[in-house]
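Scroll down for the structure; my scribbles are underneath it.
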Amino acid sequence: MDSRRVLVVGIDGVRLDLLPLLDTPHLDELAKTGFLAPVEIDDATPTMSGPCWATVVTGVSVAKHGVWGNRFDGHRLDLFPDFTTRLAAEHRLKTFAVGGWEPMFLARQGGPLFAAPSRLSYLAAAADTTEAWEECDEQVTAEAVRILGSGELLHASFVYLGAVDETGHLLGCGPAYHRAVETADRRLGRILTAVRDRACADTEEWTVIVVTDHGHRDEGGHGGRSPQERTAWIAAAGPGIAPGTTPENLRHADVAATVYRALGITPDPHWTLDGTPFA
Ligand SMILES: [Zn+2]
């Protein structure tokens, strides 16, 4: 039995420059056992969730996947599928995606980004408020803990947390935003504990990647080219990732490339991936 597994946790809209000021022990632990490093969003990519997440999970640039905003209409995800869909369809692997942002998971606003993972859970936010998004992320975390903790065979999974971004939009990057980042880190910790406590843990080797899509202006909001908006980050640890060696020139497209490599899959040249695995 192949023992390789991958978990990608996407936390929307987390400013890199604020992390050192905040209490985020689980991100700190990943940085220590692997790395946490900046991603510069390239000039061709709007600093928005739709395009950035599409690049993260497909491994190709906006010019290919065609997700240019937070409506996904006109996308070419059929040609450039997300890794959960490709792995399930072409490699017969078990994949899982969970979260609460509609176009990622549902056929709404031009979605879904995750077309056909083996298992998909969508948990709606009841309103566009910080409280509703915290509740949504709480349910997403509980679902991720339930599924990942069950021992079910899952080769590659994606968990999406959206409350930090919503808080930035509504309240700016002040104390409430800081608390939202710290809460997201605690949810990450619960998810990682569920993975670590799997009954089959001693027969599995997990690669964990945590990634944000973009930053925020101080007053909240993004989409422009300021350093605060265009600086994202990736943290990762697992087999083949040496602790303390920080990769340079990281790109969002490197995440999908790393997922494939972590599972021992050589990308077909026809996939035309734009990322390279981080080592
Ligand atoms: Zn946003």
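A short reminder: the numbers here are calculations on the coordinates, not readings from a lab. Since the structure is predicted, the reported quantities are computational estimates derived from the model, not experimental observations. In this analysis, Cβ positions are derived from the backbone assuming ideal geometry, glycine residues included, and neighbour counts consider all displayed protein chains.
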In whole Å, how far is the Cα centre of region 243-279 from that of region 131-203? 23
Mean Kyte-Doolittle of at least -1.0 plus a Cα span of 30 Å or more along the axis: flag which DSSP H helices in the chain meet both, please. 175-196
Cβ-defined net charge surrounding E166, 9 Å radius [Lys, Arg +1; Asp, Glu -1]: -4
Per the Kirkwood formula over distinct C-alpha pairs, the hydrodynamic radius of region 116-186 in angstrom is 13.1
Could you tell me the convex hull volume per residue, in Å³, taken over the Cα atoms of region 96-157? 69
If you plug each phi of region 150-156 into the Karplus form 6.51 cos²θ - 1.76 cosθ + 1.60 with θ = phi - 60°, what whole-Hz ³J(HN,Hα) values come out, in order, with x for Gly and Pro? 6, x, 4, 5, 9, 6, 9
Quick check: residue separation of D2 and D202 times 0.36 nm, minus the Cα distance between them. What number comes out in nm? 70.7 nm
Going highest first, how would you order 49-58, 220-229, 207-216 by mean Cβ packing within 10 Å? 49-58, 207-216, 220-229
Other residues with Cβ under 13 Å from the Cβ of L22 give, with Lys and Arg +1 and Asp and Glu -1, a net charge of -2
Can you check what the net charge comes to around T141, using other residues whose Cβ is under 12 Å from the Cβ of T141 (Lys, Arg +1; Asp, Glu -1)? -2
State log₁₀ I(q)/I(0) for the chain at q = 0.07, 0.11, 0.12 Å⁻¹ as given by the Debye formula over alpha-carbon point scatterers of equal weight, solvent excluded. -0.21, -0.54, -0.65
Given a Förster distance of 25 Å, report the FRET efficiency between R108 and D17 from their Cβ-Cβ distance, rounded to the nearest 0.05. 0.15
Test item: Cα-centred dipole of the chain, Lys/Arg +1 and Asp/Glu -1 on Cβ, debye: 660
